[in-house]
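Single-structure report; data block below.
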Amino acid sequence: MKKKLLASVISLITLAGCSSTPAINKKASMEIQSKINQIELNATLIRQQDNFVIAPQLSIEKVNNKGMFDNTQWQFDGKTLFPTFKSERFECNLSKNECERYTNVNSPFLKINSTKSDYGDTYQERVADGKKPGISATDVAKGGVYLLSVPGAILVGTPFALLVGTKNLVSHGSVWSNNWIEFNHDSFYEETVKAIQAQFGSMENYIHYMASASISYGELSQRNKRLFRKWNRLKAKKTTVLNRYQKMKLASIDAYKIEMSAFDDLDTLKVKLEAEMQDYYSNSTTALLTEFNEKLSKSKKLYIKNQVTEYHAITDLSSARHFIKEYEGLDEANLVGKVQKFVKKTKLRNQKESREKRRLELAKLASWRKILKIGDETFCGRVIEAKYPMFKIALHHPLQGYSDTIWLEKDMIFESKSGCKNRNNQLTPIYNPLK
């Protein structure tokens with residue numbers, strides 16, 4: 001019985017291959033292929049009870065959801081009609097009950113097979129094997145049937161209901177210890193084609209729409225990127241202004257989300273999306289400026305408050321110079337000029353005081369030198385001999401290899417409080433009141 005069935009299927013396939021087909025319109029085929037190459041958007045197949053329809057929204061992004069284990073919707077590549085999610089076959093171990101978990105997945109496309117089936121091949125695997133991978137421009141030009149492989153009747157598959165029986169075979173020594181979990185790409189492709197034809201009237205209409213929608217999306221996307229960059233440049237500029245007063249952040253936005261309809265008048269849709277996009281960024285700009293102005297006002301008040309506080313805390317040149325360095329680039333309280341006058345006045349006063357102090361020091365030193373005599377302590381030692389204006393000094397800390405006494409002229413001698421530096425018998429005061 002099985003042999004007769006297989007022979008019948010082969011006969012049908014052979015007859016189908018020998019039957020007459022419409023002549024290929026090469027120009028039409030090339031135009032269709034050109035449009036197929038322009039498709040960038042993805043669509044979604046939705047399950048509605050026993051039927052399948054195309055979801056109303058297209059997307060440039062790949063949405064995984066539950067992937068091949070979903071039972072309600074499956075995203076597909078608009079160009080190939082193959083899943084955008086991971087749909088490679090994999091093995092499960094029967095003896096470890098690894099396969100049972102998949103029996104509860106109520107998906108019309110998920111299968112458990114004892115051997116690999118052709119329909120489990122992904123788009124990439126079919127391309128690598130030289131098999132028909134997806135939409136064919138030639139088929140569309142001929143108005144042909146969009147099957148990817150032989151009918152599912154001759155594919156070896158194990159229904160979920162037979163899984164327990166398969167498990168029993170394993171326990172009785174069957175050679176099959178593993179099963180294959182496969183996504184039926186053929187069935188998925190065919191149901192997708194049916195849903196497309198029901199929605200668009202023909203594959204050619206679908207390809208034309210998807211190509212046009214992809215072009216429109218590309219143009220809208222470029223405009224979207226320009227407006228998004230412009231908004232972010234404005235945000236960066238305003239953030240720089242805020243940061244001069246206080247480190248503060250402004251709210252961010254996401255780029256406008258372009259939602260392309262799977263079936264709409266594209267010219268009308270494009271005008272609508274452009275208007276919505278413009279409104280989105282216009283409103284976002286208004287919100288940004290409102291937030292900026294509020295935060296700028298608060299930042300300025302806090303900045304001025306801190307500036308005034310630091311101004312009143314100035315006590316000397318150091319704190320005054322620090323204030324000028326901190327605020328001369330942004331003098332919101334108009335206090336830098338006052339501090340600069342304070343610095344100038346303080347420096348003049350200090351110079352005057354320094355000159356007066358030096359004059360007094362010199363007068364005191366001159367008076368001390370006039371009465372310098374033997375026995376007096378100097379900056380480097382005691383006077384032990386005098387031959388005016390020369391005085392012999394016994395050094396407190398003589399250098400090795402040098403004499404422990406030295407003759408100095410009166411004007412080279414300083415009081416003991418000045419301290420002594422002795423470098424190779426060259427004596428200088430640590431503190432010199434003449435400088």
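Could you grab me the full set of residues in region 105-120 that are open to solvent by 30 Å² or more (accessible area, probe 1.4 Å) and either modelled with pLDDT under 90 or part of a loop (DSSP other than H, G, I, E, B) (or both)? Don't jump to the end; show me each part of the working.
The initial filter retains those residues of region 105-120 that are open to solvent by 30 Å² or more (accessible area, probe 1.4 Å), namely 106, 108, 111, 115-116, 118.
Passing the criteria: 106, 108, 115, 116.
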The one condition residue 235 fails out of (1) farther than 30 Å from residue 335 by Cβ; (2) open to solvent by 50 Å² or more (accessible area, probe 1.4 Å); (3) free of Cβ contacts under 8 Å to residues at least 60 places away in the same chain; (4) touching a helix residue (DSSP H, G or I) at 6+ places or on another chain (Cβ under 8 Å) is (2)
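It is to be established whether one or more residues within region 380-392 are assigned to a helix (DSSP H, G or I), open to solvent by less than 90 Å² (accessible area, probe 1.4 Å) and not hydroxyl-bearing (Ser, Thr, Tyr).
Step one: of region 380-392, the residues assigned to a helix (DSSP H, G or I) are none.
Checked region 380-392: no residue is assigned to a helix (DSSP H, G or I), open to solvent by less than 90 Å² (accessible area, probe 1.4 Å) and not hydroxyl-bearing (Ser, Thr, Tyr).
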Residue 400 passes all but one of the listed conditions (1) surrounded by fewer than 12 Cβ atoms within 10 Å (Cβ to Cβ); (2) part of a strand (DSSP E or B); the exception is number (2)
Given the conditions (1) open to solvent by 70 Å² or more (accessible area, probe 1.4 Å); (2) part of a helix (DSSP H, G or I); (3) not acidic (Asp, Glu), every one holds for residue 252 apart from (2)
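Could you please give the count of residues in region 403-417 that are farther than 17 Å from residue 428 by Cβ and surrounded by 16 or more Cβ atoms within 10 Å (Cβ to Cβ)? Before the answer, list the steps.
We begin by selecting, within region 403-417, every residue farther than 17 Å from residue 428 by Cβ; these are 403-405.
From what's left, surrounded by 16 or more Cβ atoms within 10 Å (Cβ to Cβ): none.
Adding up the residues that qualify gives 0.
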Screening 369, 358, 321 for residues that are touching a residue at least 12 places away in the same chain (Cβ under 8 Å), open to solvent by 30 Å² or more (accessible area, probe 1.4 Å), closer than 27 Å to residue 417 by Cβ and among the charged types (D, E, K, R) leaves only 358
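Taking the condition of being in contact with a strand residue (DSSP E or B) (Cβ under 7 Å, 6 or more places away or on another chain), assigned to a loop (DSSP other than H, G, I, E, B) and either closer than 10 Å to residue 180 by Cα or among the hydrophobic types (A, V, I, L, M, F, W, C) (or both), how many residues in region 73-102 meet it?
The initial filter retains those residues of region 73-102 that are in contact with a strand residue (DSSP E or B) (Cβ under 7 Å, 6 or more places away or on another chain), namely 73-78, 82-85, 87, 89-94, 98-99, 102.
Okay, now just the ones that are also assigned to a loop (DSSP other than H, G, I, E, B), so 78, 82, 84-85, 87, 89, 94, 98-99.
Now drop any that are not either closer than 10 Å to residue 180 by Cα or among the hydrophobic types (A, V, I, L, M, F, W, C) (or both), which leaves 82, 85, 89, 94, 99.
Of the residues in region 73-102, 5 are in contact with a strand residue (DSSP E or B) (Cβ under 7 Å, 6 or more places away or on another chain), assigned to a loop (DSSP other than H, G, I, E, B) and either closer than 10 Å to residue 180 by Cα or among the hydrophobic types (A, V, I, L, M, F, W, C) (or both).
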Of the residues in region 38-55, those that are more than 19 Å from residue 189 (Cβ to Cβ) and either touching a helix residue (DSSP H, G or I) at 6+ places or on another chain (Cβ under 8 Å) or surrounded by 15 or more Cβ atoms within 10 Å (Cβ to Cβ) (or both) come to 38, 40
Conditions (1) in contact with a Leu (Cβ under 7 Å, 6 or more places away or on another chain); (2) more than 23 Å from residue 431 (Cα to Cα) -> residue 393 fails only (2)
Restricting attention to region 174-225, the residues that are in contact with a Phe, Trp or Tyr (Cβ under 6 Å, 6 or more places away or on another chain), in a helix (DSSP H, G or I) and of a type in the set (A, V, I, L, M) number exactly 3
In region 324-349, anything open to solvent by less than 90 Å² (accessible area, probe 1.4 Å) and not in a helix (DSSP H, G or I) is listed as 329, 330, 331, 332, 333, 335
So residue 262, is it exposed (fewer than 13 other Cβ atoms within 10 Å of the Cβ), among the small types (Gly, Ala, Ser), within 30 Å of residue 220 (Cβ to Cβ) and out of contact with any helix residue (DSSP H, G or I) (no Cβ under 7 Å at 6 or more places or on another chain): no
Scanning region 78-104 for residues that are among the polar types (S, T, N, Q), surrounded by fewer than 17 Cβ atoms within 10 Å (Cβ to Cβ) and out of contact with any helix residue (DSSP H, G or I) (no Cβ under 7 Å at 6 or more places or on another chain) gives 93, 97, 104
All-but-one check, residue 55 against (1) touching a residue at least 40 places away in the same chain (Cβ under 8 Å); (2) in contact with a Lys or Arg (Cβ under 7 Å, 6 or more places away or on another chain), failing number (2)
Within region 273-306, restricting to residues that are in contact with a helix residue (DSSP H, G or I) (Cβ under 8 Å, 6 or more places away or on another chain), of a type outside the set (A, V, I, L, M) and under 23 Å from residue 249 (Cβ atoms), the one that is surrounded by the fewest Cβ atoms within 10 Å (Cβ to Cβ) is 285
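The values are calculated or read from the model by the stated rules, or taken from the named source; none is laboratory data. Since the structure is predicted, the reported quantities are computational estimates derived from the model, not experimental observations. Cβ sites come from the backbone with ideal geometry, for glycine too, and all protein chains shown count toward neighbours. With ligands, DNA and RNA removed, areas are computed over all heavy atoms of the protein, side chains included. Shrake-Rupley method; radii C 1.70, N 1.55, O 1.52, S 1.80 Å.
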